[in-house]
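Okay, so here's the structure we're looking at.
The values are calculated or read from the model by the stated rules, or taken from the named source; none is laboratory data. On a predicted model such as this, the values are computed, not experimentally measured, just so you know. Note: ideal-geometry Cβ built from the backbone for every residue, glycine included; neighbour counts use all protein chains shown. Areas reflect the complete protein model, heavy atoms only, side chains present, ligands, DNA and RNA absent. Shrake-Rupley method; radii C 1.70, N 1.55, O 1.52, S 1.80 Å.
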Amino acid sequence: MALDQEAVERKLIALDEEIEKLQVRYANMNRHYVEALNALNLLTLHSAEAAKRAAASAQSSVLAARGAALAAQEAASESAIKAAAAAASAAGAAAQAAIEAAAAAASASAAAAAAVANQAESSSIKASAEASAATKVATEAAAEAVRLSNMAAETAPGIAKK
């Protein structure tokens, strides 16, 4: 009977050690999980911020394209061929910048959406929605910048005919 009790005690000790190991593993896994969630949360917030900044950049590009288009029109009316051509070129560059900003906003929005797919926290969902809205603004601004660039480009050939 003594041997059986010793075997039972050894088994209990082994089980106790296994439980301790499992508790340590759980604590480590939980710590890594929390770290991953925090990293994803930061990624989501940064993605939303990047999308907002890209949208602001696209809107600034629209202002630049509008100014360049107006300059091209003014220069066309005064037969300043080089100035109109430069303004049309500037409008094209501003439109290209707006397109790039819209693409950056779309990338940031996709990153935010990917983070939301990995964690369903309200802050991530909100940041993803903000990134999506910023992408819409950037895309609309890019379209406006392209329209203005086209308008400036149409003005420049008219100058050469004068």
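Residues in the stretch 5-14 that are open to solvent by less than 100 Å² (accessible area, probe 1.4 Å) and at pLDDT below 90: 4 in all. Against the condition within 30 Å of Y33 (Cβ to Cβ) and modelled with pLDDT of 70 or more, how does E154 come out, does it pass? It is false that E154 is within 30 Å of Y33 (Cβ to Cβ) and modelled with pLDDT of 70 or more. The sole residue among E121, E100 that is at pLDDT below 75, out of contact with any Gly (no Cβ under 6 Å at 6 or more places or on another chain) and among the acidic types (D, E) is E121.
Looking at the stretch 41-78 only, could you name the residues that are among the polar types (S, T, N, Q) and open to solvent by less than 90 Å² (accessible area, probe 1.4 Å)? Before the answer, list the steps.
Taking the stretch 41-78 as the starting set, the residues that turn out to be among the polar types (S, T, N, Q) are 41, 44, 47, 57, 59-61, 73, 77.
Matches in the stretch 41-78: N41, T44, S47, S57, S60, S61, Q73, S77.
Output the residues belonging to the stretch 45-90 that are assigned to a helix (DSSP H, G or I) and either in contact with a Leu (Cβ under 6 Å, 6 or more places away or on another chain) or hydroxyl-bearing (S, T, Y) (or both). Give the steps one after another, and end with the answer.
The first filter runs over the stretch 45-90 and keeps only residues assigned to a helix (DSSP H, G or I), leaving 45-77, 81-90.
Result: S47, S57, S60, S61, A65, R66, A69, S77, S89.
Identify the residue in the stretch 124-135 that is open to solvent by 50 Å² or more (accessible area, probe 1.4 Å) and over 12 Å from the mean Cα position of the chain (by Cα) and, among all such residues, is modelled with the lowest pLDDT. So the residue we want is I125. Restricting the first member to the stretch 40-64 and to residues that are under 10 Å from A98 (Cβ atoms), and the second to residues that are acidic (D, E) and at pLDDT 75 or above, the beta-carbon pairs closer than 7 Å and six or more apart or on different chains are V62/E144. Being over 20 Å from the mean Cα position of the chain (by Cα) and part of a helix (DSSP H, G or I) is the requirement here; does A98 meet it? When the stated conditions are applied, A98 does not pass them.
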